[in-house]
1. Evaluate the distance, in nm, between pseudo-label points positioned 7 Å from the Cα of Ile175 and of Gln163 along their respective Cα→Cβ axes.
2. Regarding the range 9-56, what whole-number volume in Å³ per residue does the convex hull of its Cα atoms give?
3. Please turn the phi angles of the range 6-16 into ³J(HN,Hα) values with the Karplus equation 6.51 cos²θ - 1.76 cosθ + 1.60 (θ = phi - 60°), one per residue in order, whole Hz, x for glycine and proline.
4. Between Ile152 and Ser35, how many nm apart are label points set 7 Å from Cα along the C-beta direction?
5. Sort 90-99, 115-124, 10-19 by the packing proxy (mean of other Cβ within 10 Å over each peptide's residues), most packed first.
6. If you line up the Cα atoms of the range 63-206 on their principal axes, what length do they span on each, largest first, in Å?
7. Of His20, His72, which has the most accessible area and how do the rest follow, probe 1.4 Å?
8. For the chain, report the accessible area per residue in Å² (1.4 Å probe, heavy atoms, rounded to an integer).
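The values are calculated or read from the model by the stated rules, or taken from the named source; none is laboratory data. Just so it is clear, the structure is predicted and the values come from calculations on it, not from any experiment. Neighbour counts run over all protein chains shown; Cβ positions are idealised from the backbone, glycine included. Side chains are part of the model used for accessible areas, which takes the heavy atoms of the whole protein and leaves out ligands, DNA and RNA. Shrake-Rupley method; radii C 1.70, N 1.55, O 1.52, S 1.80 Å.
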Amino acid sequence: MPIISAYPEPIQQAIAYLSHLPGIGSRSAERMVLSMMTWKPEEREGLGCAIAALASKVAHCPICGNYTEVGHPCHICTSEARQRDIICVVEQVPQLHIIEKSGSYKGLYHVLGGKLSPMNGKGPNDLRIAELAQRLEGEAIKELLLALSPDIEGEATANYLAQLFTRPGLTITRIASGVPIGADLTFADSATLATAISGRRVITMN
Ligand SMILES: [Zn+2]
């Protein structure tokens, strides 16, 4: 453990907050703060303002649950360039942004806020499922794409949603899962290979 008690209070506090971040221990946090102390004072102030704005100016989009500026739906929900008859359901906001960065999807999103997990006391009422139901009533949605983790809880959540929202005119799909790009089949585990085989696609058919 680094000895941080010789630092003035503001430095100690900054170290304590930064070490809450995933993958950042107190030693890395200490290095980050000491590095910031070499910045110009106005740069440190700028960082402080940016962090303060995360609390005062950012909220969840009232429609999809993405992050947005307080009081406004997010830029995806309001964009005229998006395909408006498909909703991609994700567990958390970061997954929405990973799909966005892939550039492979142009529809709308819905952030559930997690997945069903009876072991951890997380039931349907703890997720944004009622909000999704409302959207399916009010918007002309043709496809619900479930982009949930391929684990037991993700499967259970996908099955629950598929049963709940089965109705004429609505196609419910799941993202494919299987062997990652660039991976060697020799090292794939059998559960991954089993999903890859059951989700196989046709290359030629005669
Ligand atoms: Zn939104």
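1. 2.5
2. Cα convex hull per residue, to the nearest whole number: 78 Å³.
3. Running phi through 6.51 cos²θ - 1.76 cosθ + 1.60 with θ = phi - 60° gives 7, 7, x, 3, x, 5, 4, 5, 4, 4, 4 Hz.
4. 4.0
5. My ranking of the peptides, most packed first, is 90-99, 10-19, 115-124.
6. 51, 39, 33 Å, listed from the longest principal axis down.
7. Per-residue accessible area, sorted high to low, gives His20, His72.
8. With all protein chains present, the chain gives 67 Å² per residue.
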